[in-house]
Amino acid sequence: MSMQAHEIASPPLAREPFEARRLREMALSAGADDVGFVSIDDPAIAFERAEILAAFPYARTLVSFVMRMNRENIRSPARSLANVEFHRVGDETDAVSHRLTRMLEDMGLRAAYPAMAFPMEAARWPNKMWVISHKPVAVAAGLGKMGVHRNVIHPKFGNFILLGTMVVDVALDSYSRPLDYNPCLSCKLCVAVCPTGAIAPDGGFDFAACYTHNYREFMGGFMDWVETIADAKSAAGYREKVEDAESVSMWQSLAYGPNYKAAYCLAVCPAGEDVIGAYRGDRSGFLQSIVDPLKKKEETIYVTPHSDAEDYVKRRFPHKRVNRVANGMRAASIASFARGLSLRFQKKRAAGLSAVYHFAFSGAERKDLTVTIANGRLEVGEGLIGEADLSVRADTLTWLRFLRKERSLLWALATFKIRLRGDPRLLAAFGRCFP
């Protein structure tokens, strides 16, 4: 009996390398369209290792797989077609993870999986909520490379894929290798079609612009909508701020799952063996049938006030209507404030500004930061480095309340909760870079 119990607790398969070929066949039979394998010790995912092990202490191998989406649904100007495909394939991605996990459990192996997208660890908001970052794992597993648009491009299926990741407690006899080339064509069609200007020709990316519009009905955008309801004194007051169509759209997201507003960068991408033929065979026809309808579409674009995105939409797409909203990107700590600077930085709003800022926070959270803005670029460093053009010493809670507009700067200065040394106009210039 004791031997049988020992065999159940430590099956031979858990002690010996598992065949990668066999695991691949199992993943494909579970419904995956392609699969690759990454060791938990792979340097490419070192930045994720601690968090993965916190959720999956037994992790030895990550199984990354892709699921194909139907291209024409994603390309349609009718976003309901794209969203139903996102949700359908997303559900199937989780189902594949479930089926493969069950296969492995039936063999006596420990295996588990996080969600493809939602639900996430929402209690961590506004910090990283997902358990595993699927994209870097997929790249390490040889399933594609990141394109200009920040999406993984599979060498065969292009970017018309969704990603899943599983964690297994066995080592494999061989692991995948990253691609030795990038399928991205650098055609910049994603740049041309992005309604908010989030994707820059030089490879830059305005996270806040993409997040504010495309994720209007997710997370921070949803929070802003709820606060709009709370601030409205009547139904008429609510309707002055929110159109009926947006209210119905919010209902649809609540009832059937959150809906993306764009994802045009995916729609127009011609990369991938299965995709590139139409682009190479008739570029003019490709532009007319796929790219132009999205550019010409009359729609509402959600932007934060006084942002680069607001200027871009008005200049590049005057037929699209701008709707000013908040995006819920509020710092809950000084650490999240520091991380959020790069996500919210507005390159064009920073044009002409050259300054070094020292931030010394005390009280509930002690932290020193040096923020340098010059030539439209941002650098954030730990500690007080060099000479500052403006020094800000602040009580942590007061600073966070000031950022959330719960305390005025004048009150904070008068009570010495925030102290400035240098030209105070530089603080206003700083604020313009992070609307």
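What follows draws every value from the coordinates through simple rules; no lab data is involved. Computed from a prediction, not measured in an experiment: that's the story for all the values here. We place every Cβ from the backbone using ideal geometry, glycine too, and count neighbours over all the protein chains shown.
Could you give the dipole magnitude of the chain about its Cα centre, charging the beta-carbon of Lys and Arg +1 and that of Asp and Glu -1, in debye to the nearest 20?
Dipole about the Cα centre, nearest 20: 1540 debye.
Mind listing which GluC sites (Glu not before Pro) in segment 66-142 are in a DSSP loop and have 16 or fewer other Cβ atoms within 10 Å?
Answer by residue number: Glu121.
Of Asn259, Asn70, Asn375, which has the largest mean-square fluctuation in a 10 Å C-alpha GNM of the chain?
Asn375
Near Lys295, which aspartates and glutamates are there with a Cα under 17 Å away, not counting those fewer than 8 places off in the same chain?
Glu72, Glu310, Asp311
Over all directions, how big on average is the projection of the convex hull of the alpha-carbon atoms in segment 12-120, in square nanometres?
Its Cα hull, projected and averaged over all orientations, spans 8.1 nm².
For the chain, set up a GNM with springs between Cα atoms under 10 Å and report which of Lys188, Lys347, Lys405 has the largest fluctuation.
Result: Lys405 has the largest fluctuation of those listed.
Restricting the count to DSSP beta bridges whose residues both fall in the chain, what percent are antiparallel, rounded to a multiple of 5?
80
Given the pairs Lys261/Lys367; Lys261/Lys348; Lys188/Lys405, which span a C-alpha to C-alpha distance of over 29 angstrom in this model?
Too far apart for the 29 Å limit: Lys261/Lys367; Lys188/Lys405.
Place a label point 7 angstrom from the Cα of Asp311 along the Cα-to-Cβ direction, then list the residues of segment 346-377 whose backbone nitrogen is under 17 Å away.
Zone members listed by number: 346-355, 373-377.
Using a basic spin-label model with each label point 7 Å from the Cα along Cα→Cβ, how many nm lie between Phe205 and Thr415?
4.0
Gain in length, Arg49 to Glu121, computed as 0.36 nm per residue apart minus the alpha-carbon separation, to one decimal in nm?
Gain in length upon complete extension: 24.2 nm.
Which of these, Thr61, Thr370, Thr415, has the largest mean-square fluctuation under a Gaussian network model of the chain (Cα springs below 10 Å)?
Thr415
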